1. With the condition kept exactly as written, say whether any residue in region 58-78 is modelled with pLDDT of 90 or more and in a loop (DSSP other than H, G, I, E, B).
2. With modelled with pLDDT under 95 and among the acidic types (Asp, Glu) as the only criterion, which of 138, 109 stands out?
3. Among the listed residues 133, 164, identify the single one that is in contact (Cβ under 8 Å) with a residue 24 or more places away in the chain and either within 16 Å of residue 20 (Cα to Cα) or not aliphatic (A, V, I, L, M) (or both).
4. Under the condition of being in contact with a Ser or Thr (Cβ under 7 Å, 6 or more places away or on another chain) and under 22 Å from residue 30 (Cβ atoms), which residue from region 146-158 is surrounded by the most Cβ atoms within 10 Å (Cβ to Cβ)?
5. Please go through region 263-273 and pick out each residue that is under 17 Å from residue 201 (Cβ atoms) and at pLDDT 90 or above.
6. Got at least one residue in region 179-190 being surrounded by fewer than 18 Cβ atoms within 10 Å (Cβ to Cβ), of a type in the set (S, T, N, Q) and in the same structural domain as residue 86 (by TED's automatic domain parsing)?
7. What is the number of the single condition among (1) more than 22 Å from residue 6 (Cβ to Cβ); (2) modelled with pLDDT under 90 that residue 95 does not meet?
8. Across region 138-169, what is the total count of residues that are assigned to a helix (DSSP H, G or I), under 25 Å from the mean Cα position of the chain (by Cα) and farther than 24 Å from residue 6 by Cα?
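The values are calculated or read from the model by the stated rules, or taken from the named source; none is laboratory data. Small disclaimer: the values here were computed from a predicted structure and weren't measured. Don't worry about glycine lacking a Cβ; one is built from the backbone with ideal geometry, like all the others, and counts go over all protein chains shown.
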Amino acid sequence: MTEQFKSGFVAIVGRPNVGKSTLLNQIIGQKIAIMSDKAQTTRNKVQGVYTTDEAQVVFIDTPGIHKPKHKLGDFMVKIALNTFREVDLIYFVIDAATGLGRGDEFIIEKLKNIDTPVFLLVNKIDQVSPEELFSLIEKYRNLYPFTEIIPISALQGNNVPTLLDQTTVHLEEGPMYYPKDQITDHPERFIISELIREQVLLLTREEVPHSVAVVIEGIEKNPKTEKLTIMATIIVERSTQKGIIIGKQGQMLKQIGMRARKEIELLLGSKVFLEVWVKVQKNWRDKEHYLHDYGFDQDEY
């Protein structure tokens, strides 16, 4: 560790589906946040830890800022907006392909109320021409005095090293908050449940929207084989959604479990036996006691 070690907290904010989780995974070099082309995939603050010999950066991947339609949506937006005051630096991620929208203008208005430095990250630059990119940057530059404006491709990693270099420049001297080899502060149960939920989102597409939660009921280790048995329940709001997730002769649930198991084994580095059930809990996203039970505790925010 160098004499002038730097550290700090960075929030990754933006509209839904602009690539925030993809960027976090690219920085950390391992999947800790689930990815989907559906909006509002991230529901909780996901913290990733990036450490070098010179600095440690704790990244907070927030839910996409959107107009809420239920209590869960209120919770998600509250989380995202509250991070503005909790961090040393903000990454405001936009989608170069979709351009400036009302959602971005709303976020910029919120940013005007704080003194935190803000980087504008223009993501998906591989999807626009240089002329379109320059024009878009000018539009945003006229709306807010960004500390830095950096075009990136979160998926391909373009300009991400430059982004991290500039981030370190703007951080102050500070301690190492986490051990050097730690990449997230979330417990394994949380990440396992998210990996299962990701497969539900990817495989069911528009048939089952974000009315899905996953609860890990238990994790047991066989002392002889070292193999883990993970028991999980997928929560949905309607019986029709339960039927879709189970699928004909249980084939959809089997596919969800098989794909999730592979991701979990990569995460844990060990063999896993995954048991998954499906349960209907009507309108759980609008009932506070269910939100609390499923890990969305609004009192913490």
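1. Narrowing region 58-78 to residues modelled with pLDDT of 90 or more: 58-59.
From what is left, the residues that are in a loop (DSSP other than H, G, I, E, B) are none.
No - not one qualifying residue is present in region 58-78.
2. On the way: 138 fails: modelled with pLDDT under 95.
Only one candidate passes the filter, namely 109.
3. On the way: 133 fails: either within 16 Å of residue 20 (Cα to Cα) or not aliphatic (A, V, I, L, M) (or both).
Step by step, each of 133, 164 is checked, and only 164 is in contact (Cβ under 8 Å) with a residue 24 or more places away in the chain and either within 16 Å of residue 20 (Cα to Cα) or not aliphatic (A, V, I, L, M) (or both).
4. Of the residues in region 146-158, the ones in contact with a Ser or Thr (Cβ under 7 Å, 6 or more places away or on another chain) are 150, 154-155.
Those left that are additionally under 22 Å from residue 30 (Cβ atoms): 154-155.
Numbers: 154: 26, 155: 15.
Within region 146-158, the match that is surrounded by the most Cβ atoms within 10 Å (Cβ to Cβ) is 154.
5. Applying the first criterion (under 17 Å from residue 201 (Cβ atoms)) to region 263-273 yields 263-264.
None; the set is empty.
6. no
7. Unmet for residue 95, out of (1) more than 22 Å from residue 6 (Cβ to Cβ); (2) modelled with pLDDT under 90: (2).
8. Qualifying residue count, region 138-169: 1.
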